[in-house]
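What follows is one structure encoded as structure tokens, with my remarks underneath.
What follows draws every value from the coordinates through simple rules; no lab data is involved. Because the structure is predicted, anything quoted here is derived from the model rather than measured. So basically every Cβ, Gly included, is an ideal-geometry build from the backbone, and we count neighbours across all protein chains shown.
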Amino acid sequence: LAHDLLTVDRAVCRIPTLAIHLSQGDERTTFKPNLQSHLPPMLATGLTDALAGDGAAARHDALVVGLAAEALGCAEADIVELELQLADAQPSALIGARREFISSGRLDNQASCYCGTTALVESLDSLEKDASLRVLAMFDHEEVGSLSQQGAQSPTLRDVLARAYAAAAPRGDFRAFLARSFQISSDMAHGQHPNYADRHDPKHAVALQKGLVIKHNANQRYATNAVGAAFAREFARRVGVPIQDFAVKADSACGTTIGPITAGGVGLRTVDVGPPQLSMHSIREIMGADDVYFSVKTFVAAYEHFHEVNKAVDVDGPDPFWSDPGKGWATAVGAC
């Protein structure tokens, strides 16, 4: 058996809404479709027996199995099982009179994934001289709770860090390694909506094109604390890019990220950040193109300057590891 990824590079279905002329009562003022009966996609004008055929076609729609086989370049009978998601087929675009905005599906949170990946690649030239372990972690299922084999509540991150540290420092103290590490949790932030300015705290609203956002919440919906925020500001300062602060209105609900999950599960110092955007969770979201640049620059600085910034941060007294990193923690721990 082979496990393959696939994408169908064309629009194959549509979920048509009801014409307003046919709507009744509250349907004219509210959009509240029945998830079972109103959202099946339209694939073709007529479907033959939906359970016809053998193998996967006996459990899934035959048209869907055919589309998957076409994308994979195999016979329909070769497909044992499917796990597919519908997605907006329109490509991303630069929009606006000056082409300064990115319009795309799934900016939340693929934009952060792109920024993090780009930053890690751009920082590789300085890796050889760095005593730190640079990691980029991207998880599935953040929007549905993160409790899965490949979600942020799984032991994956801690296990990978443990294996990497054991290979680099087989006689070191992994718990001390975690305690002196630092995590940037990046998930998109709510930019101030020009048509709904009253939905934002006037002292903590953030703007598109003004840089990465540090996210704060007293109820720990975000994992940011003063130390984490200081790290993020210093990273941005070192590369000369702007950075902003966000807190939700006191009378509004606050979303959350995987930051508190991994901070609590692994024990990493954490700051929650994210590029600002509008229309979060819409089929088509929007963000400023400059904020991609500002985010990448800030993340590159985090990868390249963390060890220097960490040495300058004194929370509970000087850390003997960073005061003389040549000795390594295993030797310096005796001086604590």
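Can you give me the angle between helix 289-312 and the longest principal axis of the chain, using Cα atoms only, in degrees from 0 to 90, rounded to the nearest 10?
30 degrees
Mind checking the full-extension length gain between residue 149 and residue 282? Use 0.36 nm per residue of separation minus the Cα-Cα distance, one decimal, nm.
45.2 nm
So what's the angle, to the nearest 10 degrees on a 0 to 90 scale, between helix 62-72 and the longest Cα principal axis of the chain?
50 degrees
What is the magnitude of the charge dipole of the chain about its Cα centre, with +1 placed on the Cβ of each Lys and Arg, -1 on the Cβ of each Asp and Glu, and no other charges, expressed in debye to the nearest 20?
In total the dipole reaches around 1060 debye.
Only helical DSSP H runs with n ≥ 4 go in: add -39500 (n - 2.57) per run for the chain, normalise by residue count and round the 222 nm mean residue ellipticity to 500 deg cm²/dmol.
Calculated from helices alone, the mean residue ellipticity at 222 nm is -9000 deg cm²/dmol.
What is the antiparallel percent of DSSP beta bridges lying wholly in the chain, to the nearest 5?
Of the beta bridges lying entirely in the chain, close to 50 percent run antiparallel.
Which whole-percent values make up P(r) of segment 200-252 when all C-alpha to C-alpha distances are grouped in 5 Å steps starting at zero?
All Cα pairs considered, the percentages come to 4, 19, 27, 25, 16, 6, 1, 0.
Write down the radius of gyration of segment 102-168 and its Dmax, each obtained from C-alpha positions, in Å.
14.6, 43
Bin by bin, in steps of 5 Å, what percent of the Cα pairs in segment 39-142 do you find, going until the bin that has the longest distance?
All Cα pairs considered, the percentages come to 2, 9, 13, 12, 12, 11, 12, 11, 8, 5, 3, 1, 0.
In whole angstrom, and with the biggest value first, how far do the Cα coordinates of segment 145-245 range along each principal axis?
Principal-axis extents of segment 145-245 (Cα, largest first): 56, 35, 23 Å.
For a quick size check, give me the Cα extents of the chain along its three principal axes, largest first, whole Å.
On the principal axes, the chain reaches 76, 54, 36 Å in Cα extent.
What longest range of the chain stays clear of loop-exposed chymotrypsin sites (Phe, Trp or Tyr not before Pro) (DSSP non-H/G/I/E/B, at most 15 other C-beta within 10 angstrom)?
32-195
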